[in-house]
1. Enumerate by residue number the trypsin sites (Lys or Arg not before Pro) in the stretch 24-70 meeting two conditions: DSSP loop (anything except H, G, I, E, B), and at most 14 other Cβ atoms within 10 Å of the site's Cβ.
2. Normalised by the empirical 2.2 N^0.38 Å for globular proteins, what value does the Cα Rg of the stretch 17-117 take?
3. By count of other Cβ within 10 Å, fewest leading, how are LEU55, LEU80 ordered?
4. As a footprinting exposure proxy, order HIS77, HIS18, HIS41 by other Cβ within 10 Å, with the fewest listed first.
5. Could you list THR24, THR108, THR33 so that the one with the fewest beta carbons within 10 Å of its beta carbon is first and the one with the most is last?
6. Which entries of LYS64/LYS105; LYS43/LYS72; LYS65/LYS105; LYS43/LYS65 have Cα-Cα distances beyond 19 Å here?
Amino acid sequence: MLLRARRKGYRTHKEGKHLRRYETIFITHPELTEEDLSVLHEKLRSIMSSMKGELIKLEDWGPKKLSYEIRKNTRGHYFLLDYLAATDLVRELERNLRLNDRVLKFQTVKISNQVSPEAAQALPEAGPDKKAINVIERSSPSPEPKREEAEPKAFGEEKKNESVS
């Protein structure tokens with residue numbers, strides 16, 4: 001039975017807890033006070049520290065107009081949360097964001113799969129301008145050769161030239 005599981009590609013043991021880099025963008029109610037926002041931020045930080053995640057940055061993007069109404073709100077306060085975590089921390093963080101009535105919407109994106117401990121230590125030192133962990137960028141398609149086009153003629157100019165000849 002164990003041999004059959006290995007042949008099919010199933011995992012026979014649990015994976016170790018590897019840190020991965022994630023970004024979560026969340027939108028809060030636009031009329032929250034500074035106290036409410038600080039309580040929410042402190043809650044997120046406490047979840048991070050209790051589950052051994054590393055917060056890289058928590059960026060305040062400010063209030064912006066939403067592209068569509070969410071719970072009868074046309075505006076929202078945007079935040080970017082950049083962090084290193086295991087998958088169980090991401091689940092817990094999203095569960096808390098989902099249960100919080102002040103959060104209108106959120107989305108989490110995995111930036112890189114496995115982060116080495118050296119790169120993880122370099123991240124807080126790098127600052128916002130530098131990215132210590134390189135993300136593989138998609139290669140852009142090769143530029144198409146430019147076609148030489150004739151200059152567009154004004155409407156009716158073609159007929160005048162033909163009738164003159």
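Where a number appears in this text, it was derived from the coordinates with a stated rule and is not lab data. Please read these numbers as outputs of a predicted model, since none were measured by experiment. Using ideal geometry, Cβ is built from the backbone for each residue, glycine included, and neighbour counts are taken over all protein chains shown.
1. Details: sites: LYS43, ARG45, LYS52, LYS57, LYS64, LYS65; in loops: LYS52.
When the trypsin sites (Lys or Arg not before Pro) of the stretch 24-70 are filtered for loop state and at most 14 Cβ neighbours within 10 Å, LYS52 remain.
2. On the way: Rg = 13.7 Å, N = 101, 2.2 N^0.38 = 12.7 Å.
Scaled against compact globular proteins, the figure is 1.08.
3. Numbers: LEU55 16, LEU80 13.
Going from least to most buried by this count: LEU80, LEU55.
4. Numbers: HIS77 20, HIS18 12, HIS41 15.
With the fewest neighbours first, HIS77, HIS18, HIS41 line up as HIS18, HIS41, HIS77.
5. Working: THR24 20, THR108 17, THR33 8.
The order, fewest Cβ neighbours first, is THR33, THR108, THR24.
6. Working: LYS64/LYS105 13 Å; LYS43/LYS72 26 Å; LYS65/LYS105 14 Å; LYS43/LYS65 26 Å.
Long pairs (Cα-Cα over 19 Å): LYS43/LYS72; LYS43/LYS65.
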